[in-house]
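Notes to accompany the following structure.
The values are calculated or read from the model by the stated rules, or taken from the named source; none is laboratory data. What you are looking at is a predicted structure, and each value in this text was computed from that prediction instead of being measured. Note that each Cβ is placed from the backbone with ideal geometry, even for glycine, and that neighbours are counted across all protein chains shown.
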Amino acid sequence: MEKETEDRLTAIEMKLAYMEDFVSQIQNVAVDQAKTIDKLQKEIKMMSDRIREMSNAMEGDIPNRKPPHY
């Protein structure tokens, strides 16, 4: 009976070690994804600001015309 208990405890410890490693890997992926998301959000804001600047700059160049459906 002692051997069976020891074997079961060893199996549980092995499973726990695999689970701890798996959780660590998932945490690393989550951190990398968060960094990527932050970077992309900054890029989107920069692009949005740039498009807004270009749009504002071009507004003065567009003549006051009637829309094509008239």
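Within the stretch 8-24, does at least one residue satisfy the condition of being more than 39 Å from the chain's Cα centre (by Cα), assigned to a helix (DSSP H, G or I) and at pLDDT 95 or above?
Looking for residues that are more than 39 Å from the chain's Cα centre (by Cα), assigned to a helix (DSSP H, G or I) and at pLDDT 95 or above, one finds at least one in the stretch 8-24, hence yes.
Among the candidates 1, 14, 19, single out the residue that is aliphatic (A, V, I, L, M) and surrounded by fewer than 10 Cβ atoms within 10 Å (Cβ to Cβ).
The conditions single out 1.
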